[in-house]
1. Does the stretch 62-82 contain at least one residue that is assigned to a helix (DSSP H, G or I), more than 28 Å from Gln180 (Cα to Cα), modelled with pLDDT of 95 or more and not basic (Lys, Arg)?
2. Could you say whether any residue in the stretch 152-168 is surrounded by fewer than 20 Cβ atoms within 10 Å (Cβ to Cβ), over 24 Å from Asp48 (Cα atoms) and hydroxyl-bearing (Ser, Thr, Tyr)?
3. In the stretch 102-136, what residues are surrounded by 21 or more Cβ atoms within 10 Å (Cβ to Cβ) and among the β-branched types (Val, Ile, Thr)?
4. In the list Ile123, Ile49, which residue meets the criterion of being assigned to a loop (DSSP other than H, G, I, E, B) and touching a residue at least 12 places away in the same chain (Cβ under 8 Å)?
5. Could you tell me which of the residues Ala109, Ala146, Ala140 is under 20 Å from Ala59 (Cβ atoms), of a type in the set (Gly, Ala, Ser) and without any contact (Cβ under 8 Å) to a residue 40 or more places away in the chain?
6. Taking the conditions exactly as written (touching a Gly at 6+ places or on another chain (Cβ under 7 Å) and of a type outside the set (A, V, I, L, M)), does Ser70 satisfy them or not?
7. Which of the residues that make up the stretch 19-63 are surrounded by 18 or more Cβ atoms within 10 Å (Cβ to Cβ), farther than 23 Å from Glu118 by Cα and among the aliphatic types (A, V, I, L, M)?
Amino acid sequence: MSRQAGGNRIRIIGGENRGRILHFPDAPGLRPTADRVRETLFNWLQIDIPGARCLDLFAGSGVLGFEAASRGAARVVLVEQARRVFSMLENNMADMKLGDRVEVVNSDALQWLAQNREGFDIIFLDPPFGQGMLQPVIDALSGSPAVASGTRIYIEQESHEEHPHLPANWQMLREKVAGQVRYGLAGIGT
């Protein structure tokens, strides 16, 4: 595959598109989830992914959403605000012929959530570091139709940041630190 502008690349690590290279442009705050973190995350989710409806609210490179689609998710919505990054997500989706399962939306995450009426089984929250976006999005998800009992929510943040305040019906199921990244999986109870 030819090198795209910016030369940023990351690979899908599992499923039908394993080894496939995703290209993404330089953009402020865009930092794809590392291979070893993704491997741990998708090991945690391996029985939940097939047939799941997934939402990647800060898609960036799209690697979390595309990885979920590669591993059998039935529907993946990638929300990305930056126009150039959104365009590259559309290109990657078309290259992998995932248009029947993946939808790419050019929108601010909070604005998109405010108008969303769809429910999801798995939600990926990996906002740009240092911009204070994690807590407002968690607050917006509380009571949103996007989440229901049984929804799994992946949360990634800088390891030195305070843990976000989770709604009362959310429970942190697993958590790890890898270098400067803290990541975990929360579950929604009744």
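1. Taking every residue of the stretch 62-82 in turn, none turns out to be assigned to a helix (DSSP H, G or I), more than 28 Å from Gln180 (Cα to Cα), modelled with pLDDT of 95 or more and not basic (Lys, Arg).
2. yes
3. Val102, Val104, Ile122, Ile123 - these are the residues of the stretch 102-136 that are surrounded by 21 or more Cβ atoms within 10 Å (Cβ to Cβ) and among the β-branched types (Val, Ile, Thr).
4. Answer to the check: Ile49.
5. Being under 20 Å from Ala59 (Cβ atoms), of a type in the set (Gly, Ala, Ser) and without any contact (Cβ under 8 Å) to a residue 40 or more places away in the chain holds for just one of Ala109, Ala146, Ala140, which is Ala140.
6. Yes; evaluated as a whole, the condition is true for this residue.
7. Matches in the stretch 19-63: Leu22, Ala27, Leu30, Val37, Leu41.
Residues checked against (1) without any contact (Cβ under 8 Å) to a residue 40 or more places away in the chain; (2) not aromatic (Phe, Trp, Tyr):
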residue	(1), (2)
Gly65	no, yes
Ala73	no, yes
Arg83	yes, yes
Phe86	yes, no
Asn91	no, yes
Glu103	yes, yes
Leu113	no, yes
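The values are calculated or read from the model by the stated rules, or taken from the named source; none is laboratory data. Note that the structure is a prediction, hence the values are computed from the model and not measured. Positions of Cβ are generated from backbone atoms using ideal geometry, with glycine treated the same way; all protein chains shown enter the neighbour counts.
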